[in-house]
Amino acid sequence: MARPLRIEYPGAFYHIFSRGDQKQPIFFADDDRCYFLHCLRKACEKFGAVVHVYCLMPNHFHMILETPFGNLSRMLHFLVTKYTVYFNKKHKRQGHLFQGRYRSVLVEVVSYAKELSRYVHLNPVRSRIVDRPERFEWSSYGYYLGSARPEKWLETASILRMFGEDAAASQRAYVEFVIQGIGEEPPDSIRDSVRTGILGSEEFIKRIKRTYLEGEVDKPDRDRPQLRKLRDKPDLPCILSLADRSLGPGNRWVVPIAILVAYSRTVAKLKDIGEFFSLSVSGVSNARSRAREAIRTSPALARIVQEIERELAEKG
């Protein structure tokens, strides 16, 4: 199983989420949710972590989490293990409760915390569990409304201050901001961040790569495929130009090979690649499959692909 990318340092902020094994429920009753929050409190006390936002969905959970001591892995291992032991014992079951390893996305707070907090708090609305976020009891949204004082491990002030210094005014502004998001699609940046493990500006991503991933990004990525998504990416016209030059104008493999290389060397989605090559999503997928099959049976074509990728690496 591929290992999710883990970038840990003091003061880091993360979007954390984990699903039940085979998408099965991780909470059967309110007692389970209460005990999960108990485990979360214990984990925060033990490791000094701070939760800014949380939402306990029936078969998964979301959190925006800060680690002042840079110990995310230890904290989440404690939380997940403690809750799994309780859950298995109470419900007379065995084995894994969660689907693989938890997922973590490093977050640039200043630029993305507001939008990400709205994304998490609107999970129950998008899933049609409730029609308004305040009607879902098992998230931190009620604390942002000021309906109760948060526990020490839950920090609401940092995100609310992004909406103003006056407490009451910032709460009203936050509620308006969240409600405006009902019925809207989440930003592509949040969905795409799962692929790279980082949610931030280009400058933030460059700084993280330079500071914490020096020498790691270009290593073989079989175990950590998110590293591939963090490599400096060539653009689609450059890839097409190299394929055209290597194979010759009019060669029937120019577009399929360019699509194959684009898929592996860029973060472009199938839809984006299709728009560039004037193909449907299924057309892109079929062209990529044909190219993969062709290089398996043609050493000459495989060498050309390797040469294109080598030139792209040198350009990067």
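The values are calculated or read from the model by the stated rules, or taken from the named source; none is laboratory data. What you see is a predicted model; the values in this text were computed from it and never measured. Cβ coordinates were reconstructed from backbone atoms using ideal geometry, including for glycine residues, and neighbour counts include every protein chain displayed.
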Margin query: Checking Arg93 against (1) of a type outside the set (Phe, Trp, Tyr); (2) more than 20 Å from the chain's Cα centre (by Cα); (3) in a helix (DSSP H, G or I), only one condition comes out false. Which one?
Written below: (3)
Notebook entry, point to check: Of the residues Ser111, Ser104, which single one is crowded, with 20+ Cβ neighbours inside 10 Å, of a type in the set (Gly, Ala, Ser) and not in a loop (DSSP other than H, G, I, E, B)?
Noted result: Ser104
Item checked: Selection within segment 5-42 - touching a helix residue (DSSP H, G or I) at 6+ places or on another chain (Cβ under 7 Å) and aromatic (Phe, Trp, Tyr) -> Tyr9, Phe13, Tyr14, Phe27, Tyr35, Phe36
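Just a yes or no: is a residue in segment 114-122 closer than 19 Å to Ser73 by Cα and either assigned to a helix (DSSP H, G or I) or β-branched (Val, Ile, Thr) (or both)? Working first, answer last.
To start, the set of residues in segment 114-122 that are closer than 19 Å to Ser73 by Cα comprises none.
Among the residues of segment 114-122, not one is closer than 19 Å to Ser73 by Cα and either assigned to a helix (DSSP H, G or I) or β-branched (Val, Ile, Thr) (or both), which makes the answer no.
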Check: How many residues are in a helix (DSSP H, G or I) and touching a Leu at 6+ places or on another chain (Cβ under 9 Å) when one looks only at segment 244-269?
Finding: 10
Next item on the list: Considering each residue of segment 131-157, count those that are surrounded by fewer than 18 Cβ atoms within 10 Å (Cβ to Cβ), among the aliphatic types (A, V, I, L, M) and under 27 Å from Lys46 (Cα atoms), and give that number.
Entry: 2
Checklist line | Check on Val178, among the aliphatic types (A, V, I, L, M), in the same structural domain as Ser111 (by TED's automatic domain parsing) and modelled with pLDDT of 85 or more | finding: yes
